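Here's the structure, in structure tokens; my notes come after.
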Amino acid sequence: MRKLVSVVMAAGLLASLAACSAAPVPYASCEPSGNAALVTAKGKLDADPQAEFPTPLVAKKAQLAVPVHGDGAQVTAGSTVEVTVSIYDGTTGDALETQSGPITAQTIRVFVTDGNFPFSSAAQCATVGSRVVSTGTASQLFGSDSLGLDPETALVVVSDIDAVYLGKANGADQVPQAGYPAVVLAPDGRPGLTFPAGETPKSLAPIALKQGSGATVKEGDGIIVNITGVVWGAKATFIDSWDRKAPTGLLITDLASDGTGVIRAIKTALVGQKVGSQMLVVAAGDNSYPSGSAPSGVAEGDTVVFVVDILGIAK
């Protein structure tokens with residue numbers, strides 16, 4: 001249980017049925033079926049859904065239903081969704097409990113596919129503003145970790161789809177520039193960096209690796225990004241949203257003592273850019289972390305490099 005709470009905190013606390021062209025794994029189809037069709041959830045969207053269902057619910061396979069259809073954008077494979085999630089024990093009908101209370105109306109941000117939680121793929125059967133009900137075992141809905149529960153525990157998950165964003169930068173590729181790290185992307189968009197030989201630079205202007213065509217980022221915006229950070233010349237990352245399989249949020253203001261905001265190099269690089277862009281940002285000296293504020297893995301005076309995918313502007 002505590003693991004889910006930590007994921008929720010780290011992640012930012014994370015249509016018609018015919019529009020689903022293929023069954024989203026681990027579900028057989030987008031059609032309402034079995035146990036999921038028996039769940040009622042009449043509470044307000046983005047609040048306690050007040051789910052009710054016959055107990056004990058016996059889950060043998062993952063099933064879904066969409067009791068509320070929103071009128072927002074269709075969710076597609078490969079995108080990111082922000083959802084308000086409630087989780088119930090299929091045996092008792094009660095919301096799962098953690099040390100901080102029941103798991104009801106918890107907001108998380110996850111990849112629709114290839115994320116930490118398989119249940120999120122059900123979002124492909126719906127639109128923004130919809131409520132999706134998923135039923136199945138803990139392992140079917142939450143993967144091998146099973147939230148720390150017995151993998152065969154029957155669960156009911158109610159997900160209100162609040163927003164949909166890109167899953168990775170989708171802008172037009174730009175011509176690489178000499179003197180910068182070379183960036184190679186995996187099929188899912190995760191970047192890998194190769195550094196040029198020679199001395200570590202102390203100043204390089206930010207450049208676009210992909211130029212998007214979406215909304216423009218302004219100072220003060222909250223934006224949704226995938227971000228990788230590495231010390232110049234190092235192999236290991238010190239920050240990587242791809243490792244968490246969940247995009248993160250950035251507030252585009254100056255870095256404050258409470259940790260909100262971003263360093264000057266990132267703010268300068270992202271203001272004026274468009275959603276869908278991927279930026280390569282090199283930070284050193286006054287443009288990098290103030291003294292004493294660098295994250296673990298970054299020493300005083302290090303030149304650090306970020307690859308930032310701009311996925312959306314928070315709604």
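The values are calculated or read from the model by the stated rules, or taken from the named source; none is laboratory data. Everything quoted here is computed from the prediction, not taken from an experiment. Here Cβ is always computed from backbone atoms with ideal geometry, including for glycine, and neighbour counts include all displayed protein chains.
Quick notes on this one:
- Cβ-Cβ distances below 6 Å connect the following pairs, each with a first residue in the stretch 286-312 that is under 16 Å from residue 251 (Cβ atoms), a second residue that is surrounded by 21 or more Cβ atoms within 10 Å (Cβ to Cβ) and aromatic (Phe, Trp, Tyr), and a separation of six or more residues or different chains: 311/165; 312/165.
- Of all positions in the stretch 144-164, at least one carries a residue that is in a helix (DSSP H, G or I) and not polar (S, T, N, Q).
- Of all residues in the stretch 26-54 being surrounded by 15 or more Cβ atoms within 10 Å (Cβ to Cβ) and among the aliphatic types (A, V, I, L, M), the one that is nearest to the chain's Cα centre (by Cα): 45
- Taking every residue in the stretch 93-115 that is in the same structural domain as residue 131 (by TED's automatic domain parsing) and pairing it with any residue that is buried (at least 22 other Cβ atoms within 10 Å of the Cβ) and of a type in the set (D, E, K, R), at least 6 positions away or on another chain, the pairs with Cβ-Cβ distances below 6 Å are 109/82.
- Taking residues in the stretch 172-199 that are aliphatic (A, V, I, L, M), and partners anywhere that are assigned to a loop (DSSP other than H, G, I, E, B), the pairs with Cβ atoms closer than 6 Å and at least 6 places apart or on different chains are 193/181.
- For the stretch 90-98, the criterion of being of a type in the set (Asp, Glu), in contact with a Gly (Cβ under 8 Å, 6 or more places away or on another chain) and part of a strand (DSSP E or B) is met by no residue.
- All of (1) modelled with pLDDT of 50 or more; (2) surrounded by 15 or more Cβ atoms within 10 Å (Cβ to Cβ) hold for residue 7 with one exception: (1).
- Each residue in the stretch 240-273 was checked for being among the hydrophobic types (A, V, I, L, M, F, W, C) and in a helix (DSSP H, G or I), and 5 of them qualify.
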